[in-house]
1. What shape does the range 146-217 have by the C-alpha gyration tensor, where a ≥ b ≥ c are the square roots of the eigenvalues, rounded means a/c under 1.5, and otherwise prolate means a/b greater than b/c and oblate the rest?
2. Over the range 4-216, what is the relative contact order in whole percent, taking alpha-carbon pairs under 8 Å and six or more residues apart?
3. In whole Å, what are the Cα extents of the range 28-105 along the three principal axes, biggest one first?
4. Count charges around VAL42 for me, please; just the other residues with Cβ under 11 Å from its Cβ, Lys/Arg as +1, Asp/Glu as -1.
5. After finding the eigenvalues of the alpha carbon gyration tensor for the range 4-216, what semi-axes result from the square roots of 5 times each, listed largest first in whole Å?
6. Along the range 116-124, what does the Karplus equation 6.51 cos²θ - 1.76 cosθ + 1.60 (θ = phi - 60°) give for ³J(HN,Hα), rounded to whole Hz, x for Gly and Pro?
7. Pop out the ³J(HN,Hα) list for the range 170-180 in order, Karplus 6.51 cos²θ - 1.76 cosθ + 1.60 with θ = phi - 60°, rounded to Hz; leave Gly and Pro as x.
8. Give the long-range amide H neighbours of PHE47: residues separated by 5 or more places, or on another chain, with amide H under 5 Å away, using H modelled in the peptide plane at 1.01 Å from N.
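Any read-out appearing in this document is the output of simple, stated calculations on the displayed coordinates, not a laboratory observation. All of these numbers come straight from a predicted model, not from anything done at the bench. Don't worry about glycine lacking a Cβ; one is built from the backbone with ideal geometry, like all the others, and counts go over all protein chains shown.
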Amino acid sequence: MEKCLAPSILSADFGILKEQLETIDEAGAQYVHFDVMDGVFVPSISFGLPVLRTIRKYTDRLFDVHLMIVNPENYVKEFAEAGADIITVHAEACKHLDATIDLIKSCGVMAGVAINPATPISDIVHILEKVDMVLVMTVNPGFGGQSLIPYTLDKVRELSVLARQKKLKIDIEVDGGINMDTIEDVLEAGANIIVAGSAVFNGDIKSNTEALLAKME
Ligand code: DX5
Ligand code: ZN
């Protein structure tokens, strides 16, 4: 599977977001990771549809929308219409995950399922055939700048083996605490979509992006 970098704009400077999106685009980041938080499923409130609609025109990169919200099924259609290319919902936030994945795909966008650190791979084994991507949270969701939780690497490995055994063409995304010190570990474990927020937006964005991409070659 192709290795892609997905900078999380949660860590961006929202006063110059257009310029910062152009910088990561020009530096070669393939995705833009868009962290939607409702203050209920996770302790923080971030941003939502108006921001997505605004920034959609600033880059053609894939918009990777991570819904850290309760009842995500209520917003899937609007996020698809606003410009999401992939919509990822948390298994822990869905009463009817199978139906929600079907709903996402009926909107013509790719479907992802996310699991928190303590949620086992076994909770999503039956949905793997239907999704395009699995997001293995490597921190407890809600904040940027946290440290990767080491045991989550075992889950990435387990998922990678399972996908191979089942001959599934799914992307494995990791999210939280990914930086120059941890990126090789997650790649080795089998992740191919790498979310990085503070490691990209804290400091020189262009060189941070290029350095992480160089580790992914
Ligand atoms: C955390 C978000 C992550 C976060 C990553 O809840 O889902 O995408 O922005 O931030 P870093 O890369 O700084 O850990
Ligand atoms: Zn995220």
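1. Numbers: a/c = 2.75, a/b = 1.85, b/c = 1.49.
Prolate.
2. 22 percent.
3. Computed over the range 28-105, the largest-to-smallest principal extents equal 36, 28, 21 Å.
4. Working: positive: none; negative: ASP35, ASP38, GLU92.
Value of the local net charge: -3.
5. Values: eigenvalues 112, 88, 47 Å².
One finds semi-axes of 24, 21, 15 Å for the range 4-216.
6. 6, x, 7, 7, x, 4, 4, 5, 10
7. Values, residue by residue: 10, 7, 10, 9, 10, 8, x, x, 8, 8, 4 Hz.
8. For PHE47, whose amide H was placed from the backbone, the distant partners under 5 Å are MET37.
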